[in-house]
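Participant: Got a structure here, written out as structure tokens. Questions coming.
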Amino acid sequence: MLNKINNLIENFDKNEISYKKMINRFKDGKFEKLFAERFPFTERYFFEGNPSFSYEYKDVFDMGRYPVIMLRDGFLGILDFFLTHPKPSEDMSTNLLIPKQFEGLVPTFWKDRVALYEVKTRKVAFEKSKTLFVHGVGVEETFWKNPCETLYAGLEEKISQFDEIHCFFPTRTSTFSLPKDRFVNFHIDLLKHSFKTLGNDINVHETFDTYNTALKASDKFSFFNVDKSKVFISDNFIDHLMLKLGGEDLRDQIESHEEKLEFNLSLNHKIEITNVDFSKSVFNNFYLKQRLKGRKSDASIYKLFLDADVKKEFEKQF
Amino acid sequence: MKVALVYAFKESDWFSCTVITKNLIKAYTKIFGEENILHVNYTYEREFKAEDLKKIQDTKVEKIIFVDHKPTPVNFLKALKKADGDELSSDREYIIHVFGDFPLYLTEWRSVAEATEGKKVKYICASEKQKNFVSQFFKQKDIVFHSPFPVSPEEFYFDDSKRSEIRKKLRVDEDAKLFIFTGRLSYQKRIVDLVESFYDALDKQVVPKNSKLLLVGPFDSLGMVYLGQSFLSGEYFRLVDRAIHTRPEYVENIIIHDPLKHEELNDYYNASDVFFSIGTYHDEDYGMSVAEAFCTGMPLVLTNWAGYFSFKNPEKLELTEFIPVKLGERLPIINKESINPAISKILQLSFDRKEVSISNLKYFSIDACADFLKEISETNVGNFAGRSEIMIRITNENVFKYFEMFKKDTDLAFNKLYTEVYQAYVE
């Protein structure tokens, strides 16, 4: 599988990179709006593996135009895709790269068509930094598994070393929530808890411009993405930016010793691609429950989010 | 004589332009004396104080000199024109330093031309070819001058005291030839071509095996603006990284370095042997990094494109080798066969670098440029007669197509207007 992916990436054609086509096509209008609202976390970037969200394609015919697609989706998008396509569709010969965190969602029928990716730093050592950059969105899915109070759990000691903390917490609608919950104060809770844990002197940025200005002024820094669950986005552009600029992720990065491909994305960060270990698959746990319920034609990431069984299984498995 | 220097007091995002403005101010201070200069803040947001306009009038400023890259003088001049009673005063001279992005703001330059018609106007470009380029846009050629953007001799000069230390840090052998490029690592700077040319030089043993190419600067996403082509974030890095890895045996010969602080550059230039650039950027009116490197006494291998062609010392012409370029359909065409002979010639030179540095500074330092600017300031010119026909035509395209004014509507290629005006960059 890795040889195949390597060949596809080495011999890519610009016409096979969806973000180069300058055509914005989405599965539905709701996702188009969500994609725009969650900017700059959803900002597009280049890699020959074609990083994109599953709902940035109209349908399986659209996806099938690309030899390889690296899915930036979080749990919902990956699950939704494999529930819809538990076996590879005959109309799609695409190979997929999915986030390593959700290795367990790959059905065994997709053997030889799926590999895993992780975005990591290339730096082997970091100088001690005094500035911390924290980013995230205060919406329901950020706290789906991890309540707000646990966001900074285990990091208190690390956080205490920083003299200056900047937080990018833009206000956004909780799109996945039920209408009655859409404007619940997830954002306020995030702020309250951040002030409580990080201190009263934190700089909270509502717009990316001011956050970016602070970032450009820092030559050594650490960063932290409050989204641990990765329910909506796994491959977050701000993470890329932080790694590209040489920042140290407060979350420990685990060095993998398995067979892998590596592709540099900048002087300071890279993508690692590894094979799927199908012994870890928990896909059937989700699939069987959905089959029993009868997966409807209007199944979507939005419906999955509101499905209590899905949430329960997610909390158990990830 | 009282003069007004108009610029943004706040530093630009475009760092090289901040340096240029700062050094131009020093040059003009040398010419006119600080006591005769009125500093006027004209911000990037196009704001300025009405009281500054009044001061210009009350102190009877005789020359208004625009020394910043943006914004264009249009808003300022329009306001001054109104303050002067609906016509700019003829008792003043209006001197405008033109930067490389001149064609991108033609609708504004149109308004500047309108406001200054019939007045004493001078446009100063940083290089001979930029002067030839800009001259095409006006009816009179004698109102366009050239004077290099000055380099501070306190910042860039020969000093090899840290040569060994820098080379050790970069893991470059003491006796190795170190080629350096500094600037944006951008599509039109032709970094991929640069890497490929360097590999070719290694293959053909034009450079010794332990030679290195040091690329210093930030990657950007600017593609070919005129053709509406831009890159995604990270795309140009991937292109360069792929080019580097096409020859695994030479990967260690290429060093990509994060951007350096301005004050670190002198040491890195002094640690290097040749400044190497085959860029063909659409607004390469000068090349501040080249000027700075040149002032450390470093020989140059450059394309003869646009502003690069001015980087020669009349007393030591052998220290710059130019690679010919001609206009292409989508990108200027570099005569790549000339690169290895040029590198070979440069590497065979024997010279006293300190002496060369001193000599180069005679043409590019703040003091040297102050002399050029003084001469320009004292030159009499006729009243400004307005825009040329070509400028009118290009401006009309700019109104409809914005930055893509030089793009054919039928193909992804440059149009006749581009070929007509940009010929000045290759002649």
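The values are calculated or read from the model by the stated rules, or taken from the named source; none is laboratory data. The structure displayed is predicted, hence computed values, not measured ones. Every residue, glycine as well, gets a Cβ built from its backbone with ideal geometry; the counts of neighbours run over all protein chains shown. Ligands, DNA and RNA are excluded from the accessible area calculation, which covers all protein heavy atoms including side chains. Shrake-Rupley method; radii C 1.70, N 1.55, O 1.52, S 1.80 Å.
Participant: Provide the per residue accessible area, probe 1.4 Å, for region B:262-384, rounded to a whole number of square angstrom.
Facilitator: 36
Participant: Computed over the Cα atoms of chain A, what is the convex hull's projected area averaged over all directions, in nm²?
Facilitator: Over every viewing direction, the Cα hull of chain A projects on average to 16.1 nm².
Participant: Could you give the C-alpha radius of gyration of region B:302-398 expressed as a fraction of 2.2 N^0.38 Å, taking N as the number of residues it contains?
Facilitator: Normalised by 2.2 N^0.38 Å, the Cα Rg of region B:302-398 equals 1.52.
Participant: Same structure again: Give me the percent of accessible area attributable to carbon and sulfur for region B:84-203, probe 1.4 angstrom.
Facilitator: 41
Participant: With unit charges on the beta carbons (Lys and Arg positive, Asp and Glu negative) and the dipole taken about the Cα centre of region A:1-66, which residue among A:Ile5, A:Ser18, A:Tyr57 sits farthest to the positive side?
Facilitator: A:Tyr57
Participant: Follow-up question, since we're still on this one. Taking the Cα centre of chain A as origin, work out the dipole magnitude from +1 charges on Lys and Arg Cβ and -1 charges on Asp and Glu Cβ, in debye rounded to 20.
Facilitator: 720
Participant: Rounded to the nearest 5, what % of the DSSP beta bridges within chain B are antiparallel ones?
Facilitator: Antiparallel bridges: around 15 percent, rounded to the nearest 5.
Participant: Which percent, to the nearest 5, of DSSP beta bridges fully inside chain A are antiparallel?
Facilitator: Approximately 35 percent, going by the DSSP bridge assignments.
Participant: Below 8 Å, C-alpha to C-alpha, sequence gap of six or more: please give me the relative contact order for region A:5-157 in percent.
Facilitator: Details: 154 pairs, mean separation 25.7, N = 153.
Computed over region A:5-157, the figure is 17 percent.
Participant: Give the total of Lys-Lys pairs in region B:318-412 with Cα-Cα distances below 29 Å; include a pair only if its members are 8 or more places apart or on different chains.
Facilitator: So the count works out to 13.
Participant: Right, something else. Of the options B:Ser357, A:Thr175, A:Phe263, report the single residue whose Cα projects farthest towards the positive end of the charge dipole of the protein assembly as shown (beta-carbon charges: Lys, Arg +1; Asp, Glu -1).
Facilitator: My answer, from the dipole projection, is A:Thr175.
Participant: Starting from the 7 Å offset along Cα-to-Cβ, what nm value, one decimal, do you get for the label separation of A:Asp181 and B:Thr246?
Facilitator: Distance between label points: 5.4 nm.
Participant: Let me ask something else. Between A:Lys303 and A:Glu156, how many nm apart are label points set 7 Å from Cα along the C-beta direction?
Facilitator: 4.4
Participant: Let me ask you something else. Please report the projected area of chain B's Cα convex hull averaged over all directions, in nm².
Facilitator: Seen from a random direction, the Cα hull of chain B projects 20.3 nm² on average.
Participant: Where both residues lie in region B:79-204, what percent of DSSP beta bridges are antiparallel, nearest 5?
Facilitator: Beta bridges within region B:79-204, antiparallel portion: roughly 0 percent.
Participant: I've got another one for you. Could you sort the residues of region A:261-276 by number and keep only those whose accessible area is reduced by 40 Å² or more in the all-protein-chain setting relative to the chain alone, 1.4 Å probe?
Facilitator: Residues meeting the cut-off: A:Asn264, A:Leu267.
Participant: Just the number, please: buried accessible area between B and A, total of both chains, 1.4 angstrom probe, nearest 100 square angstrom.
Facilitator: Chains B and A together bury approximately 1500 Å².
Participant: Could you please state how large a percent of the accessible area of region B:334-427 is carbon and sulfur, counting protein chains only and using a 1.4 Å probe?
Facilitator: Values: 2450 of 4930 Å².
So the carbon and sulfur contribution to the accessible surface is 50 percent.
Participant: Something else: Taking θ as phi - 60°, what are the ³J(HN,Hα) couplings along region B:369-375 by the Karplus curve (6.51, -1.76, 1.60), each to the nearest whole Hz, with x for Gly and Pro?
Facilitator: Once rounded to whole Hz, the list reads 5, 4, 5, 4, 5, 5, 4.
Participant: How much area per residue is accessible in region B:74-160 when the probe is 1.4 Å and only protein heavy atoms are counted (Å²)? Don't jump to the answer; show the numbers that get you there.
Facilitator: On the way: 3060 Å² over 87 residues.
Ligands and nucleic acids excluded, the result is 35 Å² per residue.
Participant: Skipping prolines and chain starts, which residues have an amide H placed within reach, meaning under 5 Å, of the one on B:Asn415, given they are 5 or more residues away or on another chain?
Facilitator: B:Lys407, B:Lys408
Participant: Pop out the ³J(HN,Hα) list for region B:271-281 in order, Karplus 6.51 cos²θ - 1.76 cosθ + 1.60 with θ = phi - 60°, rounded to Hz; leave Gly and Pro as x.
Facilitator: 7, 9, 10, 9, 8, 10, 8, 10, x, 9, 5
Participant: Continuing with this model, one more query. Before anything else, pin down the relative contact order of chain B: Cα pairs under 8 Å, at least 6 apart, normalised by residue count, whole percent. Write down the numbers at each step before the final one.
Facilitator: Values: 792 pairs, mean separation 84.3, N = 427.
It comes to 20 percent, rounded to a whole number.
Participant: Rounded to the nearest whole Å², what accessible area per residue is found for region A:10-71 with the 1.4 Å probe?
Facilitator: 42
Participant: Using the Cα centre as the reference, give the magnitude of the dipole from point charges on the C-beta atoms of region B:32-136 (Lys, Arg: +1; Asp, Glu: -1; all else neutral), rounded to the nearest 20 debye.
Facilitator: Details: 17 positive and 19 negative charges, 49 e Å.
So the magnitude is around 240 debye.
Participant: Another one. Using the beta-carbon distance between B:Asn36 and B:Asp13 and R0 = 22 Å, what value does 1/(1 + (r/R0)^6) give for FRET efficiency, to the nearest 0.05?
Facilitator: 0.10
Participant: In whole angstrom, note down how far apart the Cα centers of region B:312-376 and region A:1-67 are.
Facilitator: A separation of 45 Å, based on Cα centres.
Participant: Moving on to the next point. How are the alpha carbon pair distances in the protein assembly as shown distributed across 20 Å bins from zero to the largest one, expressed in percent?
Facilitator: 15, 41, 34, 10, 0
Participant: Only residues of region A:302-318 count here: report those whose backbone N is under 11 Å from the spot 7 Å along Cα→Cβ of A:Thr84, or say none.
Facilitator: Within reach of a label on A:Thr84, which here means backbone N under 11 Å from a point 7 Å along Cα→Cβ, region A:302-318 contributes A:302.
Participant: Taking the Cβ of B:Ala176 as the centre, find all other residues whose Cβ is under 11 Å away and add up their charges (Lys, Arg: +1; Asp, Glu: -1). Kindly include the intermediate steps, with their values, before the conclusion.
Facilitator: Working: positive: B:Arg167, B:Arg171, B:Lys177, B:Lys209, B:Lys212; negative: B:Asp173, B:Glu174, B:Asp175, B:Asp273.
Around B:Ala176, the charge tally is +1.
Participant: At 7 Å along the Cα-to-beta-carbon direction for both B:Lys2 and A:Arg25, put a label point, then send me their distance in nm to one decimal.
Facilitator: The modelled label-to-label distance comes out at 6.6 nm.
Participant: Restricting to DSSP H runs of at least four residues, report the calculated mean residue ellipticity at 222 nm for chain A, -39500 (n - 2.57) per run over all residues, nearest 500 deg cm²/dmol.
Facilitator: Theoretical 222 nm ellipticity from helices: -8000 deg cm²/dmol.
Participant: If you don't mind, there's one more thing I want to ask. I want to make sure I understand the PRE zone here: with the label point 7 angstrom from the Cα of A:Lys130 toward its beta carbon, which residues in region A:205-220 have backbone N atoms less than 20 Å away?
Facilitator: Only A:213-220 pass the distance filter.
Participant: Among the trypsin sites (Lys or Arg not before Pro) in region B:275-326, which ones are in a DSSP loop with at most 16 other Cβ atoms within 10 Å of the Cβ? Mind listing them?
Facilitator: In loop regions of region B:275-326 (DSSP not H, G, I, E or B), the sparsely surrounded trypsin sites (Lys or Arg not before Pro) are B:Lys316.
Participant: Hey, another quick one. So how strong a dipole does chain B carry about its Cα centre when Lys and Arg Cβ are +1 and Asp and Glu Cβ are -1, to the nearest 20 debye?
Facilitator: With only Lys, Arg, Asp and Glu charged at Cβ, the dipole is about 440 debye.
Participant: Which one, A:Ala214, A:Val231, A:Gln253, projects farthest toward the positive side of the charge dipole computed for region A:212-264 from Cβ point charges (K/R +1, D/E -1)?
Facilitator: Result: A:Ala214.
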